[in-house]
Amino acid sequence: MVKKVFIKTFGCQMNERDSEIMSQILSTHGYAESHDMESADLVILNTCTIRAKAEQKVMSMLGALRKIKVQRPGMKICVAGCVAQQEGDHLLQRMPHVDLVLGTQNIYDLGTYIDRVAGTDRPVVATTMSKAFRIPAFLPADRKNSEPADELYSFKRFVTIMQGCDNYCSYCVVPYTRGREISRRAQDVVEEVRKLVAQGVREVTLLGQNVNSYGRKLNGTALPCTFPELLHQVAEIRGLQRLRFTTSHPKDLSDELIGCFRDIAILCPQFHLPVQSGSDAVLKRMNRHYTIANYLERVEALFSCRPDLALTTDIIVGFPGETDDDFALTMDLLERVRFHGSFSFKYSDRPGVRSCDFDGKISEEVKSERLAIFQRRQDEISLARNSAYVGSLLEIMIERTSENAFQGRTGTNHIVHVDEKTDLAPGDLLEVEIVHAGQHSLKGKVDSMH
Ligand code: SAM
Ligand code: SF4
C-alpha cells in the first residue's frame, strides 16, 4: 500500500528544491505526497534557522505534532534542513517524539534513513558534514504520482547549482548549517534543466548563496566553468523561455555577469543584490567586503546595461552597534537607489555566529521602529516604481487561471492580475497593458488590444 508523506518547507528557495528531492526519493520508497498532515504516515519539516523567528515557527509546529503523534503513534516525524543541522542530538532532548534528524548534506540518503527508522522507536540523527561533500548528479523524475496539485509546479522550477557558502558574513548561520561552498558540475545542471524542459517546464531559476562564485570550487573533476558561462549554456536549451537566478554578492558581481543581461535574450530583467546596510562602518563589521561606493558603482553598471532592470535587495536593521547615523545612511541609500522592492529584517542573534559577541546590541523597540520606517518608505518607492509601468505593454507568463480572471508574472518579477477570461494555460506568454499599480502587484488588461 502506498504511504503518505506530508512535507512542510520553511525558508528559502533552496529548501523548496531540497523538499522536491526528498519527495522524489520517497516516491521510490513507497510514499506519495499528501497535503494532509494529520493523516500522513510520515511528516517532514524542512527547516530554516536564518533568524530566530524562523526557528520558532519550526518549534511550534513540532509542538503541535507531538499532540497528533499521541493519537497516531505510528506516524514518523523527520526534521530536515538547517534546524536539524544546527541542533543535531539536542533536538531529540527538546522534542523526543522526532524520529529522524536529517542534516543539509544528508538529504540524498533519506531513503536509507527512512528504512532504518521504519518499525522501530529508536530515533536516528544523521547530520554529518564533510569538506569532501559532493552534490550528487540528481535528476528530476517524471513526477506523476507525487506531484503537488499546484499549477505553478508544472512550468517553473528551481535548480540548485551550488551548496553552502564560504563568505562568513558575521551575522549569518548559513556557512555553519549548509557547509562550505561547492558547485555542481555544469553538465549536471544543464542536464537537469534539459530534462525539466522536456517535461514542459518553461522557466528556471538557478539557485546559490552567491552565484557569482559558481565554479570556484567544483565537484570532483568537473571542467572549469564560470557563472556567466553556465548561464549561456543553460540559455541555449531549446524550449526554455525564461531564466532567472539568485543570489549575487555585491563584492563578486562581475562585468561578465552584468553583460549577460545584454547578451542573453531569455534572462529576465530582474536582479536581487543584497546590500544589508547603507553604512560602510556597519558593512565592515558585517564582513561584507564592499563599500557603498562600490555598491553604487555596480548598480550603475547594471542599469546602464539593462535600463529596464528591476532591482531588489535585502536589508538588516539594528545590527549590533548600528547608530542613528548608520541607519540614516541606509535610508539615504534607499533614496539614491530607489529599489523596486526589498526584504528587510530585524537583526537576530544566531548561535555560533561572530556578531553574537559584538557590543552595542540594539533593543527590540529600536529595531522595530527602524524596520517600520524603512518598510514604510520602501512601500512608497515601490508604488512609485510600479506606477511608472502604467500605460506600458509588458509580457507576462501566466501562472494561475480561474473562471473570470488570471494572473501572470512579468520578466521583472511583478505579479499582474487581469480580471478577464482566458483560454491560455499556465506557462503561456501574453502581452498585457498595465492599467493600475499597487505596492506589491500590478493590474493589466488584454481586452482593448485585440
Ligand atoms: N546569500 C545571500 C546574501 O549573501 O545576501 C542571502 C542569504 S540569507 C538566506 C537571506 C537574508 O537573510 C540575508 O541577505 C540577510 O539580509 C538576512 N539575514 C541573514 N542572517 C540574518 C540575521 N542573523 N538577522 C537578520 N537577518 C539575517
Ligand atoms: Fe550568509 Fe553572507 Fe553567505 Fe549570504 S554570503 S549566505 S549572507 S554568509
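The values are calculated or read from the model by the stated rules, or taken from the named source; none is laboratory data. Here the structure is a predicted model, which means the values were calculated and not measured. In this analysis, Cβ positions are derived from the backbone assuming ideal geometry, glycine residues included, and neighbour counts consider all displayed protein chains.
Here is a check on your reading of the model: is residue 51 farther than 30 Å from residue 352 by Cβ and not β-branched (Val, Ile, Thr)? No: the conditions fail for residue 51.
Select from the stretch 413-432 the residues that are within 22 Å of the chain's Cα centre (by Cα) and surrounded by 21 or more Cβ atoms within 10 Å (Cβ to Cβ) and list them in ascending order. If the condition is that a residue be within 22 Å of the chain's Cα centre (by Cα) and surrounded by 21 or more Cβ atoms within 10 Å (Cβ to Cβ), then 414, 416 are the ones that fit. Show the residue pairs meeting these rules: Cβ distance below 8 Å; 6+ apart or different chains; first residue within the stretch 25-36 and at pLDDT below 95 and among the polar types (S, T, N, Q); second residue assigned to a loop (DSSP other than H, G, I, E, B) and surrounded by 15 or more Cβ atoms within 10 Å (Cβ to Cβ). Sorted first by the residue in the stretch 25-36, then by its partner, the pairs are 27/141; 27/143; 27/146; 34/40. The condition of being of a type in the set (A, V, I, L, M) and in contact with a Leu (Cβ under 7 Å, 6 or more places away or on another chain) holds for residue 84.
The listed residues are 193, 204, and the only one of them that is outside any helix (DSSP H, G or I) and under 23 Å from residue 413 (Cα atoms) turns out to be 204. Just to be sure before I move on: is residue 51 more than 23 Å from residue 116 (Cβ to Cβ), at pLDDT below 95 and not β-branched (Val, Ile, Thr) in the structure I sent? Yes, satisfied.
Is it fair to say residue 350 is in contact (Cβ under 8 Å) with a residue 12 or more places away in the chain, away from ligand 2 (no atom under 16 Å from the Cβ) and in contact with a helix residue (DSSP H, G or I) (Cβ under 9 Å, 6 or more places away or on another chain)? No, not satisfied. Only one of (1) part of a helix (DSSP H, G or I); (2) of a type outside the set (Lys, Arg); (3) closer than 15 Å to residue 282 by Cβ; (4) touching an Asp or Glu at 6+ places or on another chain (Cβ under 9 Å) fails for residue 356. Which number is that? Result: residue 356 passes all but (3).
Note on the stretch 164-204: among residues that are farther than 20 Å from residue 107 by Cβ and among the small types (Gly, Ala, Ser), the one that is nearest to ligand 2 (Cβ to nearest atom) is 170.
Counted as qualifying within the stretch 25-103 are the helices (runs of 4 or more DSSP H) with 3 or more residues that are surrounded by fewer than 23 Cβ atoms within 10 Å (Cβ to Cβ), namely 52-71, 90-94. Checked across the stretch 356-372, the condition of being touching a residue at least 60 places away in the same chain (Cβ under 8 Å) and either surrounded by 19 or more Cβ atoms within 10 Å (Cβ to Cβ) or within 16 Å of ligand 1 (Cβ to nearest atom) (or both) holds for at least one residue. Would you be able to say whether some residue in the stretch 379-397 is of a type outside the set (S, T, N, Q), within 16 Å of ligand 1 (Cβ to nearest atom), in contact (Cβ under 8 Å) with a residue 40 or more places away in the chain and out of contact with any strand residue (DSSP E or B) (no Cβ under 6 Å at 6 or more places or on another chain)? Scanning the stretch 379-397 turns up no residue that is of a type outside the set (S, T, N, Q), within 16 Å of ligand 1 (Cβ to nearest atom), in contact (Cβ under 8 Å) with a residue 40 or more places away in the chain and out of contact with any strand residue (DSSP E or B) (no Cβ under 6 Å at 6 or more places or on another chain).
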